[in-house]
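Read the structure below first, then the notes.
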Amino acid sequence: MDDLEKAILYSFDESGAVDSVLKSQAVNYCQQFKENPSICTVCIEKLFYCKLVQVQFWCLQTLHEVIRVKYAVMSSEEKGFVRQSVFSMACYDSIDEKSAVRVLDSPAFIKNKLAQVLVTLIYFEYPMIWSSVFVDFMPNLSKGSVVIDMFSRVLNALDDELISLDYPRTAEETAVAARVKDTIRQQCVEQIVRAWYDIVSMYRNSDFEVCTSVLENMRRYISWIDINLIANDAFLPLFFELILSDGLSEQFRGAAVGCVLAVVSKRMDPQSKLSLLERLQISRVFGLVKEDGESELVSKIAELLTGYAVEALECVKRLNSENANVVSMELLNEVLPSVFYVMQNCEVDSTFSMVQFLSGYVATMKSLSPLREEQLLHVSQILEVIRTQIRYDPMYRLNLDVLDKIGIEEEDRMVEFRKDLLVLLRSVGRVAPEVAQVFISNSLASAVVSSPDRNVEEVEAALSLLYALGESLSDEAMRTGAGLLSELVPMLLQTRLPCHSNRLVALVYLETVTRYMKFIQENTRYIPMVLTAFLDERGIHHQNIHVSRRASYLFMRVVRLLKANLVPFIEKILQSLQDTVARFTSMNYTSKELSVSEDGSYIFEAIGLLIGMEDVPVEKQSDYLSSLLTPLCQQVQALLLNAKTLNPEESPAKITNVQQIIVAINSLSKGFSERLVTASRPAIGLMFKQTLDVLLQILVVFPKIEPLRSKVTSFIHRMVDTLGASVFPYLPKALEQLLAESEPKELAGFLVLLNQLICKFNTSVHDIVDEVFPAIAGRIFNIIPRDTLPSGPGTNTEEMRELLELQRTLYTFLHVIATHDLSSVFLSPKSRGYLEQIMQLLVNTSCHHKDYVMRKACVQIFIRLIKDWCARPFGEEKVPGFQNFMIEVFAKNCCLYSVLDKSFEFGDANTLILFGEIVSAQKVMYEKFGHDFLVGFVYKNFSSAHCPQDLAEQYCQKLQGNDFKGLKSIYQSLIEKLRLQQNGSLVFR
């Protein structure tokens, strides 16, 4: 053993017997040895004389690297020596009489490496230099299975390394692959195919492995060789004979199935494909798919049948002649039962999209009316496939019920997985509504009586089907209970499911009942059954908190839909909800209840919708409302009285309790209209005013607890809508308290409240806005920077996001003031000191803000201020200096320079809208300022921007006319021409 062989052995050692330092030295030695000029000769000699597989592998790996990297600089003699030597190894020849080693006697990984080396030579040399490589291989196949096996490995390696489209290829590799395939087709493909046939025929009963590898070659090559070489009277009978032979190994039979699938999948025109599919007589293998479902052969047969069905469906879609269409539909109908069986019982190949195939098949039915018996049967089978596929695995039953981490992941996965299947269900429901409804009805009936170990998943799947069916029904069909629907919905309401305690079953049951509420609206006799389902242990009183929480929300939706029909049931409903409501009238919360209690807001909203109707007698309405509001307000008052004595441990729980109470009252009030509480039943309005009085005290007692302030603010919003103008007396105190301790986030919320007041009451809130505006302006200008807010890395913080939100809300607030006839607020003695800052902020934003919607809002504010404050050219200047500011600052910077900037892209829709507002502003300024505007903006600013005289004159003409569209067009043209002739003397900022 020489030094190189030792070094190779040491470098490959994984036993730990070789010292790490020595191993490292060995690796370095081997690496350096690769630079030896005669490295190819050394490697080939060792391959013929050394039996150590580590040495063989290293030599083949090195040869592969040298050829791949240094082929261009190798001498022709060296290339010839390597070519001849490698080919001799592949053909089981020795280099001379002394060589006792044949590489083909080595393990499979050595032979695979040899095949890779040979393919690398083919890459560089075939057919220009070594045109006979495949032809020369043929006579050597007679040496037996050892050479046949090597030939198969070479063909497989050629596919892997060069031809197969399953791997990304460079442009050069693609070109070489095309060259190799073209030459093989012209030169030797018939010889190779003949060899394949002879080998399989000869060795089928003696060497399964060789036959299997040859069939694997064929499977790979069928896609690009002439199909007639394979799809003929020699090969097709052979393939099916092998597939149907019980005495052969599963791998061998499966390889034959792979070849038939490759034939089926071969790209060709649809008429030729149809003829090919007919010749296959695929029904011969239908029975095999129902053998042992776990076997490799069954998986292969499943792939073949699904592949065949896809091709048959393509023929149905693409062939127009009636005869061809009939034939292709017959072939498809023949294979479909087996395909349905595969979908339900076998692992389907990942390349086969079950939903895509079935959707395509259903789509072909849309043009057929009525459906034939066979197609109706197929529809039922498709529905069975859908039901099987959407069923949860029982192994996750407990995880899904308690909704632990595994349960959440499985539910999320299943929700995603089901999407396409349920879309398919809806398509089936539209094509064959009667069949779909009968199937779902039978599914539900059988699921209810199925054995306990299957019950949960069966019932959940059946209910999910019924729920999804609703999306394929029109509103009219839903209302009238078309088809079996008039039986299905009552059946659903009457059914007591043995597994209703399960979370998934309970949830889908309630969702399904809610989905068919239009039917209930038309058939009010079922209302008591609906109410019972939501109010008993199936819904709001379900043992699982997730179910009861969702039931509360769905019940609120049901109440909203049925509303007036529920008046006779109000007493019963309130009685059923007593314990749920009572949770809000008790301070003794457990920590678990606290975490979910806010969901009780849906219950209060539902109650509010019920008792807030004018159909409810006034006395009853007052009693109902009082019985709810009084205990809730008493809890708040008790906490406020004892606020100073609260100890740190109980304080969080008590405060959380008050938050939930505010949410509950807020939700309750949603059912009461402004007309009812202010006009027809003012006594109800008085109750809400008293409640508002109580809740406003929270802002005084707990001024710095943000969650409480947020909830109270939300309630004030609600009372503005509910109480209308009668809320005014409460606003000064409320606004003062909200403004007192507000942070940026709260200040934004405060401005939203003011926006609501202004939009609802217009100038009626002038005094209120006038009073608070100076404090708002002072606070905001202390928080927001005068220039634009910083952006870029490190600025995406919570604090910065809050400032951006405050800035956006401020512009909305100023816009609302200006557009609701309240601009005089800016000019009041208390606010006047902030006017200049406001103007500068608006100009900066209108010119530079990244958000073009913000810029547009600021321009619109200026347009409104011009109209409000400028009665000229005939009146007196209302705001001294405002006209000069608009011409010299706003018009110059916003109307001209900001538009000249290259970032102002006329191709963008938002930019064009902003541009329209900017042109409107110019028009309004001309109307109000007259000749002063022409002098200041046109003659002065246009000339500094080097605007040609003729363009300026065209602009002035359009400005003085009534053609706004023409003005906008001429101004855009002017700006674009100024941009083109920019000579560097004017920098647009």
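The values are calculated or read from the model by the stated rules, or taken from the named source; none is laboratory data. Remember, predicted model here, so these are calculated numbers, not experimental data. Backbone-built Cβ (ideal geometry, glycine too); neighbour counts: all protein chains shown. Surface areas here come from the heavy atoms of the whole protein model, side chains and all, with no ligands, DNA or RNA. Shrake-Rupley method; radii C 1.70, N 1.55, O 1.52, S 1.80 Å.
Structure above, values below:
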| read-out | value |
| --- | --- |
| Segment Asn320-Arg454, length gained on full extension (0.36 nm per residue, minus Cα span) | 43.6 nm |
| Ranked by how many other beta carbons lie within 10 Å on average, peptides 160-166, 666-672, 896-902 from highest | 666-672, 896-902, 160-166 |
| Lys, Arg +1 and Asp, Glu -1 on Cβ, resulting dipole of the chain about Cα centre, debye, nearest 20 | 3180 |
| Share of carbon and sulfur in the accessible heavy-atom surface of the chain [1.4 Å probe, %] | 51 |
| Across Lys850/Lys958; Lys856/Lys928; Lys317/Lys518; Lys670/Lys867, pairs whose alpha-carbon gap is larger than 32 Å | Lys317/Lys518; Lys670/Lys867 |
| Shape of segment 147-284, Cα gyration tensor, a/c cut at 1.5 | oblate |
| Sequence ranges 832-839, 437-444, 479-486, 116-123, ranked by mean other-Cβ count within 10 angstrom, highest first | 116-123, 437-444, 479-486, 832-839 |
| Cα gyration tensor category, rounded, prolate or oblate, for segment 454-589 with a/c compared to 1.5 | oblate |
| Computed helical MRE - 222 nm, the chain, DSSP H runs ≥ 4 contributing -39500 (n - 2.57), nearest 500 | -21500 deg cm²/dmol |
| Neighbourhood net charge (12 Å Cβ-Cβ; Lys/Arg +1, Asp/Glu -1) for Asp868 | +3 |
| For segment 1-50, Kirkwood radius (reciprocal of mean inverse C-alpha pair distance, Å) | 11.5 |
| Heavy-atom accessible area per residue - segment 57-202, 1.4 Å, Å² | 45 |
| Kirkwood-based shape ratio for segment 52-158, expressed as Rg/Rh from alpha carbons | 0.93 |
| 10 °C / 1.306 mPa s Stokes-Einstein diffusion coefficient of the chain, Kirkwood radius on C-alpha pairs, µm²/s | 42 |
| Principal axes of segment 820-887: Cα extent on each, largest first, Å | 37, 28, 24 |
| Accessible surface, per residue, of segment 398-465 when the full set of protein chains is kept, probe 1.4 Å, Å² | 46 |
| The chain: relative contact order as a whole-number percent, Cα under 8 Å and 6+ apart | 4 |
| Under-5 Å amide H pairs with Gly612, H placed in peptide plane, nonlocal only | none |
| Residue-normalised accessible area of segment 516-570, given per residue in Å² at a 1.4 Å probe | 40 |
| Net +/- balance of residues flanking Asn228 in space, Cβ distance below 15 Å, scoring K and R +1, D and E -1 | +2 |
| Rg ratio (alpha-carbon, reference 2.2 N^0.38 Å) - segment 676-769 | 1.06 |
| Cα gyration tensor shape of segment 191-249, rounded if a/c is under 1.5, else prolate or oblate by comparing a/b with b/c | prolate |
| Derived scalar couplings ³J(HN,Hα) [segment 212-229; Karplus, 6.51 cos²θ - 1.76 cosθ + 1.60; whole Hz; x for Gly, Pro] | 5, 5, 5, 5, 5, 3, 4, 3, 5, 8, 4, 5, 10, 9, 4, 4, 5, 5 |
| Alpha-carbon Rg with Dmax, taken over segment 288-431, Å | 17.0, 58 |
| For segment 383-422, Kirkwood radius (reciprocal of mean inverse C-alpha pair distance, Å) | 10.5 |
